[in-house]
Amino acid sequence: SEEELRKGERMREAILATSPIGIGLAEGRIIEWGNKALYSMVGYEESSLSGQDVKTVYADNEEYERAGRELYSGVKNKGIGKAETRWATKNGRVFDCYVQATPLDPSDHSKGTIIAAMDVTDRKNAEEVLRKSEERYRSLVENIDLGVTLIDSDHNIVMLNASQSRLFS
């Protein structure tokens, strides 16, 4: 019924409005629409990207091509594409972005692709800080003149540094 259609449309609009994830529709890599979170993420005014090539939000052409191949390969082979990529805001700030894509109509890909995007810059930065911290820890443990042994909860030796290994030699 017409009332059911209006109710479904209101529900879709409410979901898109409250989502913290950027969501949009692209047809042939042309942006048809996006929710408020998508526009906020890339720093454009709402609806200003409608009709624009998706390339507009990518950091550069090479990244646009690479991410497109990865996303659309996943869509073709598994029904959903996933890619970590780099997008750029309207003012040129580049950020790390996780994107998922799936066809609006799995039986007819020409009807467009739903895109969900999330800024993962903070996560990537935290991973890098952790990686550097682990490197410093590992270097310290390996190069200290004291013997260091790491034992797990079952009392198995998990690691010996070089100094400790020499004591057992």
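Would you mind working out the magnitude of the charge dipole of the range 1-140 relative to its Cα centre, with +1 at each Lys and Arg C-beta and -1 at each Asp and Glu C-beta, to the nearest 20 Debye? Walk me through the numbers before you get to the answer.
Details: 22 positive and 25 negative charges, 98 e Å.
It works out to roughly 460 debye.
The length gained by stretching the chain between residue 154 and residue 114 to full extension, at 0.36 nm per residue less their Cα-Cα distance, is 9.5 nm.
The magnitude of the dipole of the range 74-169, with charges of +1 and -1 set on the Cβ of Lys/Arg and Asp/Glu and taken from the Cα centre, is near 460 debye.
Suppose R0 equals 30 Å. What FRET efficiency, 1/(1 + (r/R0)^6) with r the Cβ-Cβ distance, do residue 55 and residue 133 give to the nearest 0.05?
On the way: r = 37 Å, r/R0 = 1.23.
With R0 = 30 Å, the Cβ-Cβ based efficiency is 0.20.
Projecting the Cα positions of 33, 87, 99 onto the charge dipole of the range 17-112 (unit charges on Cβ atoms of Lys, Arg, Asp and Glu, taken about the Cα centre) puts 99 furthest along the positive direction. Solvent-accessible area assigned to carbon and sulfur over the chain amounts to 53 percent, based on a 1.4 Å probe. More than 25 angstrom separation, counting every C-alpha pair in the chain; what % is that? When all Cα pairs of the chain are counted, 50 percent exceed 25 Å. Derived value for the range 1-99: Kirkwood hydrodynamic radius 14.5 Å. Basis is the mean of 1/r over every pair of different alpha-carbon atoms. Qualifying chymotrypsin sites (Phe, Trp or Tyr not before Pro) in the range 77-148, where qualification requires a DSSP coil assignment and no more than 10 other C-beta atoms within 10 Å, are lacking entirely. Electrostatic bookkeeping for residue 163 treats Lys and Arg as +1 and Asp and Glu as -1; over the other residues with beta carbon under 13 Å from its beta carbon, the sum is -1. For the range 61-142, the pair-distance distribution built from all alpha carbon pairs, in bins 10 Å wide starting at 0, is 17, 35, 25, 16, 6, 2 percent.
Rounded to the nearest 20 debye, what is the charge dipole size of the range 96-142 about its Cα centre when +1 sits on each Lys and Arg Cβ and -1 on each Asp and Glu Cβ?
I would put it at about 120 debye.
Per residue, how much accessible surface does the chain expose to a 1.4 Å probe? Answer in Å², no decimals. Write out the running numbers ahead of the final one.
Numbers: 11120 Å² over 169 residues.
Solvent-accessible surface per residue comes out at 66 Å².
Take the Cα of residue 107, step 7 Å toward its Cβ, do the same at residue 93, and the gap between the two points is 4.5 nm. Using a Förster distance of 41 angstrom, determine the FRET efficiency expected from the C-beta separation of residue 122 and residue 2, and round it to 0.05. It comes out at approximately 0.40.
Compared with the dominant principal axis of the Cα atoms in the chain, helix 121-143 is inclined by about 10°.
Separation of the range 126-164 from the range 16-64 is 45 Å, based on Cα centroids.
The values are calculated or read from the model by the stated rules, or taken from the named source; none is laboratory data. These numbers come from a predicted model, not from an experiment. Glycine gets a Cβ as well: all are built from the backbone with ideal geometry, and neighbour counts include every protein chain shown. Areas reflect the complete protein model, heavy atoms only, side chains present, ligands, DNA and RNA absent. Shrake-Rupley method; radii C 1.70, N 1.55, O 1.52, S 1.80 Å.
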